[in-house]
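One structure is given below, encoded as structure tokens.
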Amino acid sequence: MPKVSIITVVYNGEKELENTILSVIRQTYDNLEYIIVDGGSTDNTINIIKKYANKISYWISEPDKGIYDAMNKGIDVANGEWLLFRNCGDYFSSLSDIARVFENTNYNDYDVIYGDAIVWDKYGFKKEKPEIQKFNRYGVMPVWHPSTFVRTSLHKKIKFDLKYKLAADHNFIINCKWSGIKFKYIPIILSIFNIGDGASVKGQIKSRKEHFYIYGGDANRWNLFIFNIQLLKVNMVLYLRRYIPDAVMRMRRKMQGRVIWKENYTINDMISNALSRT
């Protein structure tokens, strides 16, 4: 069984970090290396890390230049054959996720392994296949990054480009696809994460600007004019969404196939189940 490095990047994550740590250290797969890179937290994060220090292979706490700088630090110290980012606030779907991927299976011909995810927001949740298995739309992340294992030797050669503040993972995956890196899809749920609260969601305009350049957009006047029209449309949608009643949004999410949260089942229940079931 290959050694697998799991990397958690965190900054002031005292509310969610412990469950993320438990999601990793309770995995039934034996050959794990666990790395935590903290950005110099000022809350109770460090005490939580120290509480589980005997289960953590390596951890560091120091200021960084952003999430992708912290992720690159994790890549630098990773010793596993494969690595996956399980950042603060993200969780495995069960305690046997890694075992289901690597036990009795050989991936010698591949450098990226990707699977499904359970995505959730304040309205509900849904099991989702990665974009590359469905529509492969322009500008949409092809895989769920929290559900993607990358061969460590590849990631050490190609790290996250720090000129991208919100879409460096997207840039990495796209460059891998364009350069002929071999991907392998496995129909296993490998993560639970909040699709409505990430940095790229909160900073959609900046994220879309980064996507423009990732996909080869150049700064000539005509291209920028078309792109700015698209951004205007996005801005209008984001502005109007502030005034849409929650009941309407829940109905819309239900029409999209999501399971709406019920009073007797919440995200905390889902996480609790994930931390106990195999």
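The values are calculated or read from the model by the stated rules, or taken from the named source; none is laboratory data. Everything numeric here is computed off the predicted structure, so don't read it as measured data. Here the Cβ positions follow ideal geometry from the backbone for every residue, glycine too, while neighbour counts run over all protein chains shown. For the accessible areas, the whole protein counts, side chains as well, though only heavy atoms, and no ligand, DNA or RNA atoms are used. Shrake-Rupley method; radii C 1.70, N 1.55, O 1.52, S 1.80 Å.
Scanning the stretch 37-57 for residues being in contact with a helix residue (DSSP H, G or I) (Cβ under 7 Å, 6 or more places away or on another chain) and open to solvent by 90 Å² or more (accessible area, probe 1.4 Å) gives a total of 1. The single residue among Phe135, Phe125, Phe172 that is within 24 Å of Phe227 (Cβ to Cβ) and buried (at least 19 other Cβ atoms within 10 Å of the Cβ) turns out to be Phe172. Every condition in (1) open to solvent by less than 40 Å² (accessible area, probe 1.4 Å); (2) within 14 Å of the chain's Cα centre (by Cα); (3) more than 26 Å from Lys3 (Cα to Cα) holds for His145 except the one numbered (3).
Somewhere in the stretch 17-25, is a residue at pLDDT below 95 and surrounded by fewer than 22 Cβ atoms within 10 Å (Cβ to Cβ)? Within the stretch 17-25, not a single residue is at pLDDT below 95 and surrounded by fewer than 22 Cβ atoms within 10 Å (Cβ to Cβ). Taking the stretch 120-161 on its own, how many of its residues are more than 30 Å from Asp269 (Cβ to Cβ), in contact with a helix residue (DSSP H, G or I) (Cβ under 6 Å, 6 or more places away or on another chain) and in a loop (DSSP other than H, G, I, E, B)? Of the residues in that region, 5 qualify. A count restricted to the stretch 1-16 and to residues that are open to solvent by 20 Å² or more (accessible area, probe 1.4 Å) and of a type in the set (Ser, Thr, Tyr) stands at 1. When Asp161 is tested against (1) surrounded by fewer than 22 Cβ atoms within 10 Å (Cβ to Cβ); (2) under 25 Å from Thr105 (Cβ atoms), only condition (2) is not met.
Consider the stretch 1-21 and keep the residues that are of a type in the set (D, E, K, R) and over 17 Å from the mean Cα position of the chain (by Cα). The one that is nearest to Val150 (Cα to Cα) is Lys3.
Yes/no per residue for (1) touching a residue at least 40 places away in the same chain (Cβ under 8 Å); (2) within 17 Å of Trp144 (Cα to Cα); (3) not in a helix (DSSP H, G or I):
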position	(1), (2), (3)
Ile49	no, no, no
Asn54	no, no, no
Lys65	yes, no, yes
Met71	yes, yes, no
Gly74	yes, no, no
Leu83	yes, yes, yes
Leu95	yes, no, yes
Val101	yes, yes, no
Asn104	no, no, yes
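Quickly run through the stretch 234-278 and pick out the residues that are assigned to a helix (DSSP H, G or I), of a type outside the set (A, V, I, L, M) and either touching a Phe, Trp or Tyr at 6+ places or on another chain (Cβ under 6 Å) or more than 22 Å from Lys129 (Cα to Cα) (or both). Within the stretch 234-278, Asn235, Tyr239, Arg241, Asp246, Arg250, Arg253, Asn268, Asp269, Ser272 meet the criteria. Can you name the residue in the stretch 218-272 that is in contact with a Gly (Cβ under 8 Å, 6 or more places away or on another chain) and under 18 Å from Ser207 (Cα atoms) and, of all such residues, is modelled with the lowest pLDDT? Taking the candidates together, the pick is Asn223.
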